[in-house]
Amino acid sequence: MKAVNTSLFSQLISLVDRSDFSRLVRETGAEERSKGFASWDQFVAMLFCQLGQARSLREITGGLRSCEGKMRHLGLDEAPGRSTLAYANAHRPAALFERLFHKVLSTVRHYAPGNKFQFKHKLFSLDSTVIPLCASVFDWAKYRAAKGAAKVHLLLDHDGYLPCFAVITEGRVADCRIAQQLELPAGALVVMDRGYIDYRMFERWSENHVGFVTRMKANADWFADEVKCNAAEGLIRRDETGEFNVFHAGRKVVGTYRKVVIWLEDKQETLELLTNRLDLPAETIAEIYKQRWQIELFFKAIKQNLRIKTFVGTSANAVHTQIWTALLSFLLLKMLQFRSRKKWTLSTLVALLRWNLFTHKDLWSWLEDPELVPPDLPSGDNPVQAVLDGIFGPTPHLTPAS
């Protein structure tokens with residue numbers, strides 16, 4: 001492994017273009033009336049919160065302060081103070097990191113593999129996840145009478161399983177309100193759960209040649225025009241086209257739709273699917289709905305591996321900032337996965353990267369073989385020991401076991 005002068009953390013951050021970042025700072029006015037503490041410093045600190053699994057402002061600032069000699073490679077002159085970082089998270093617009101997310105997404109897409117599911121059209125999954133919050137502390141996060149929550153609404157692109165649209169709201173915001181904001185390309189197909197059923201939206205999507213697959217509501221006012229399949233066994237139990245007897249704004253919702261009833265062997269029950277794609281085989285419709293599980297896996301992955309369930313600030317802006325930096329971290333990690341020949345799982349990559357953030361190794365060589373011994377470091381330049389010393393004070397250096 002060749003010798004390098006920067007840490008893995010520094011090389012990872014360098015994947016974010018500083019000129020693009022500076023332009024977004026100017027466009028969002030993130031540093032208006034600011035003194036000393038740059039938005040880049042805030043970004044680095046919150047990225048360290050995610051990748052270093054810091055649980056508090058003290059751990060963020062202490063972890064960075066313990067690596068004073070290596071912070072210039074991160075673009076920082078010194079570690080931020082806790083109050084400085086807390087104030088920035090609460091008051092600097094989270095829109096900066098939202099726009100940076102979309103900028104980095106456009107870069108990561110170049111490395112994304114195609115959809116493993118053989119489907120020639122663009123396939124998306126749409127869903128949301130609720131993040132419970134204490135109602136008395138996060139008083140802005142309205143959800144239920146005695147509960148608070150934030151909600152992340154997300155559209156997942158199945159090419160590389162990348163989040164391509166995200167909105168952060170209070171927990172009580174209905175999923176359909178967010179789905180109505182989507183601008184989807186003609187020919188795309190969206191798979192979602194029945195919480196997104198909106199017949200007027202389905203009518204508009206059909207007019208714009210956007211397909212969907214979802215579950216049908218049990219009380220749907222549906223009548224069939226044509227039955228294509230009616231079987232007592234097998235995966236496809238029924239396949240029919242028809243219309244809804246539903247009225248909105250004084251007129252009936254128009255359009256021909258399709259109901260596909262499939263058999264779930266593991267649950268020993270049937271599942272009714274609704275779609276506006278009349279041309280696809282019923283088996284393909286069933287497989288498309290099965291692909292919706294990918295967005296459930298995405299939410300599970302970010303909650304387990306990134307800081308998205310506990311927060312270092314209580315204001316709405318601070319929570320939004322932390323969630324957007326978590327999504328940014330995910331994009332950077334996906335770029336590493338895409339560019340590496342080694343088949344990394346996200347959990348393994350996050351765990352090993354966390355313990356090697358301030359190790360001086362070549363990032364791309366480390367990705368191919370993380371067990372390679374790095375070049376000799378100067379005496380006392382043990383990054384793990386330095387982090388421990390910075391947070392808990394000097395401790396005796398342990399001799400590694402042979």
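The values are calculated or read from the model by the stated rules, or taken from the named source; none is laboratory data. Everything numeric here is computed off the predicted structure, so don't read it as measured data. Every residue, glycine as well, gets a Cβ built from its backbone with ideal geometry; the counts of neighbours run over all protein chains shown.
Quick look at the numbers
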read-out: Residue match in segment 279-298 (condition: surrounded by fewer than 17 Cβ atoms within 10 Å (Cβ to Cβ), assigned to a strand (DSSP E or B) and without any contact (Cβ under 8 Å) to a residue 24 or more places away in the chain); value: no
read-out: Condition met for residue 138 (buried (at least 20 other Cβ atoms within 10 Å of the Cβ) and within 22 Å of residue 317 (Cα to Cα)); value: yes
read-out: Output for segment 141-161, where each listed residue is of a type in the set (Asp, Glu) and surrounded by fewer than 18 Cβ atoms within 10 Å (Cβ to Cβ); value: 159
read-out: Failed criterion for residue 247 (all others in (1) modelled with pLDDT of 90 or more; (2) exposed (fewer than 12 other Cβ atoms within 10 Å of the Cβ); (3) not acidic (Asp, Glu) hold); value: (1)
read-out: Output for segment 227-248, where each listed residue is touching a residue at least 24 places away in the same chain (Cβ under 8 Å) and within 17 Å of residue 197 (Cα to Cα); value: 244, 245, 246, 248
read-out: Qualifying position, being touching a residue at least 24 places away in the same chain (Cβ under 8 Å) and over 20 Å from residue 160 (Cβ atoms), among 334, 342, 309; value: 309
read-out: Qualifying residue in segment 43-52 (condition: over 30 Å from residue 339 (Cβ atoms) and outside any helix (DSSP H, G or I)); value: no
read-out: Residue 304 vs. criteria under 20 Å from residue 13 (Cα atoms) and at pLDDT 90 or above; value: no
read-out: Residue within segment 206-220 that is in contact with a Gly (Cβ under 7 Å, 6 or more places away or on another chain), of a type outside the set (Gly, Ala, Ser) and assigned to a strand (DSSP E or B) present; value: no
read-out: Residues (closer than 20 Å to residue 358 by Cβ, buried (at least 19 other Cβ atoms within 10 Å of the Cβ) and among the hydroxyl-bearing types (Ser, Thr, Tyr)) located in segment 7-31; value: 7, 10
read-out: Hits in segment 250-276 (condition: in a loop (DSSP other than H, G, I, E, B) and under 36 Å from the mean Cα position of the chain (by Cα)); value: 253, 254, 255, 256, 265, 266, 267, 268, 276
read-out: Candidate set: segment 32-64, residues that are of a type in the set (D, E, K, R) and in contact (Cβ under 8 Å) with a residue 24 or more places away in the chain; chosen: the one surrounded by the most Cβ atoms within 10 Å (Cβ to Cβ); value: 41
read-out: Which numbered condition residue 222 fails, given (1) among the aromatic types (Phe, Trp, Tyr); (2) loosely packed, with under 14 Cβ neighbours inside 10 Å; (3) over 22 Å from residue 177 (Cβ atoms); value: (2)
read-out: Residue list for segment 162-186, filter: assigned to a loop (DSSP other than H, G, I, E, B), of a type outside the set (S, T, N, Q) and either surrounded by 19 or more Cβ atoms within 10 Å (Cβ to Cβ) or in contact with a strand residue (DSSP E or B) (Cβ under 8 Å, 6 or more places away or on another chain) (or both); value: 171, 172, 173, 182, 184
read-out: Restricting segment 95-135 to residues that are in contact with a Ser or Thr (Cβ under 6 Å, 6 or more places away or on another chain) and over 18 Å from residue 302 (Cβ atoms), the residue that is surrounded by the fewest Cβ atoms within 10 Å (Cβ to Cβ); value: 95
read-out: Pair list, Cβ under 6 Å, 6 or more apart: segment 73-102 residue at pLDDT 95 or above and among the charged types (D, E, K, R), other residue buried (at least 18 other Cβ atoms within 10 Å of the Cβ) and assigned to a helix (DSSP H, G or I); value: 98/324; 99/24
read-out: Some residue of segment 192-200 being in contact with a Leu (Cβ under 9 Å, 6 or more places away or on another chain), surrounded by fewer than 18 Cβ atoms within 10 Å (Cβ to Cβ) and under 30 Å from residue 140 (Cα atoms); value: yes
